[in-house]
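Right, one structure below, let's go through it.
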Amino acid sequence: MNTAAKSLHSQVEKWLAPGPQGQIRVVRFGHRRRDGTRYAHVEASTTCGARAIFFFRHHDGGWCVFPPYIGGPSMSAHLGVYC
């Protein structure tokens with residue numbers, strides 16, 4: 001995957017589309033307690049008002065608007081011959 005296309009900067013421009021007069025600020029940057037996933041809460045101020053989105057860092061280094069998949073509890077069965 002091209003991580004340059006998934007940089008935080010490129011994702012902010014894609015999802016919040018700040019105009020020339022708009023301002024961008026990182027409201028909060030941290031990690032989730034559950035799995036340590038990094039996140040950034042970014043806000044864009046424009047003449048139409050403010051918009052904010054959470055971005056999550058994935059294992060490949062890219063940023064997305066959805067958190068990475070964390071495998072939950074699962075069950076499995078093994079078929080075999082027991083002697």
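Readers should treat all values here as calculations from the given coordinates under stated rules, not as data from a laboratory. Quick caveat, the model's predicted, so the values are computed rather than measured. When we count neighbours, we look across all protein chains shown, and the Cβ atoms used for this are built from the backbone with ideal geometry, even at glycine.
Values computed for the structure shown
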quantity: Of all residues in segment 30-50 being touching a helix residue (DSSP H, G or I) at 6+ places or on another chain (Cβ under 9 Å) and aliphatic (A, V, I, L, M), the one that is surrounded by the most Cβ atoms within 10 Å (Cβ to Cβ); calculated: Val42
quantity: Every residue from segment 18-27 that is loosely packed, with under 13 Cβ neighbours inside 10 Å and more than 17 Å from the chain's Cα centre (by Cα); calculated: Gly19, Pro20, Gln21, Gln23
